[in-house]
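The values are calculated or read from the model by the stated rules, or taken from the named source; none is laboratory data. Note that the coordinates shown come from a computational prediction; the quantities given were computed from them, not determined experimentally. For neighbour counting, all protein chains shown are included, and Cβ atoms are generated from backbone atoms with ideal geometry for every residue, glycine included. The area values use the complete protein model at the heavy-atom level, side chains included, leaving out ligands, DNA and RNA. Shrake-Rupley method; radii C 1.70, N 1.55, O 1.52, S 1.80 Å.
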Amino acid sequence: RLRARRNFKKLKEDQDRMLKAAILNSDRLESLITGILDFGKIESGQMTSYPKAIDPGKIAAEAFEGLRPWVLKKQVGMSLAVTPGLPLVYADEGRTVQVLVNLLSNAIKFTPASGKIVLSAVRVPGGEKFVQFSVKDTGSGIPPAEHKRIFEKFVQIASGEMHVGGTGLGLAIAKALVHLQGGKMWVESEVGQGATFFFTLPQFIDINRDAPSSPELAAPKVWWKQFLGLD
Ligand code: ADP
């Protein structure tokens, strides 16, 4: 009876392990397929984007909250620093969250336990027309010679001892999505010093608010007021 119970326990552990591996593999496959599909759409000019006026702080918070469970599990610190009173940006909300989630997942992936990650949104220093997002980590860093190449499709750089999964498509897609919305993306990093990924998005400009009032658009004069000499 004891043996039967032991066998049963062993069977249960094996099943758990196999189930976990199956889930992990199917997650990997799903992210590979979505990546390839997204990239196909970008390359053929079919990627859609529905820009509207959105709050950069709200987008940053959404991406931040989505990754919190993973951060807790990996035991790295993650904080959010959004300049108060930022202007609205003109961008696709879902796509922008996708870009931030990608940068944050990379940061978590390449930062060892007890490291730190900061997600920021600020006005572009010295510029008026863009808001700048950044994801800074204290992870393995990237040699300057690779700073351009990592944004190419299927490029993955060996990071020391760290063996981490991925497809090498994430940054290529993120950069294309940012460009599609009129922004730029780049990285600043030294090996062993962590990495900071930056991207910008255009501010929303309310053309109705700032437009000079044209005579045609001004309220039409009421003929009878003029007739009575009231205008
Ligand atoms: P993936 O993460 O799926 O490998 P990406 O296109 O997102 O693909 O990243 C490409 C490569 O850039 C990674 O394999 C890694 O070598 C490097 N990289 C990306 N983000 C970071 C980071 N925060 N720190 C260090 N290396 C990074």
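What the table shows:
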read-out	value
Single unsatisfied condition, M47 versus (1) among the hydrophobic types (A, V, I, L, M, F, W, C); (2) outside any helix (DSSP H, G or I); (3) out of contact with any helix residue (DSSP H, G or I) (no Cβ under 6 Å at 6 or more places or on another chain)	(3)
G94 vs. criteria more than 15 Å from the ligand (Cβ to nearest atom), small (G, A, S), open to solvent by 60 Å² or more (accessible area, probe 1.4 Å) and out of contact with any helix residue (DSSP H, G or I) (no Cβ under 7 Å at 6 or more places or on another chain)	no
Checking G168 against (1) open to solvent by 20 Å² or more (accessible area, probe 1.4 Å); (2) modelled with pLDDT under 90, the condition it does not meet	(1)
Conditions (1) more than 24 Å from Q132 (Cβ to Cβ); (2) surrounded by 11 or more Cβ atoms within 10 Å (Cβ to Cβ): number failed by L103	(1)
Hits in the stretch 1-58 - residues which are surrounded by 11 or more Cβ atoms within 10 Å (Cβ to Cβ) and among the aromatic types (F, W, Y)	F39
Of all residues making up the stretch 30-53, the number that are among the hydrophobic types (A, V, I, L, M, F, W, C) and over 13 Å from L169 (Cα atoms)	2
Any hit, the stretch 76-85, residues being farther than 18 Å from Q181 by Cβ, open to solvent by less than 40 Å² (accessible area, probe 1.4 Å) and of a type outside the set (V, I, T)	yes
Cross-chain or 6+ apart pairs with Cβ under 6 Å, the stretch 107-121 first and under 21 Å from A61 (Cα atoms), then basic (K, R) and at pLDDT 95 or above	V118/K136
Selection within the stretch 1-29 - among the polar types (S, T, N, Q) and either in contact with a Cys (Cβ under 8 Å, 6 or more places away or on another chain) or more than 21 Å from L169 (Cα to Cα) (or both)	N7, Q15
Qualifying positions in the stretch 122-150 - open to solvent by 20 Å² or more (accessible area, probe 1.4 Å), within 13 Å of the ligand (Cβ to nearest atom) and either hydrophobic (A, V, I, L, M, F, W, C) or at pLDDT below 90 (or both)	I142, A145
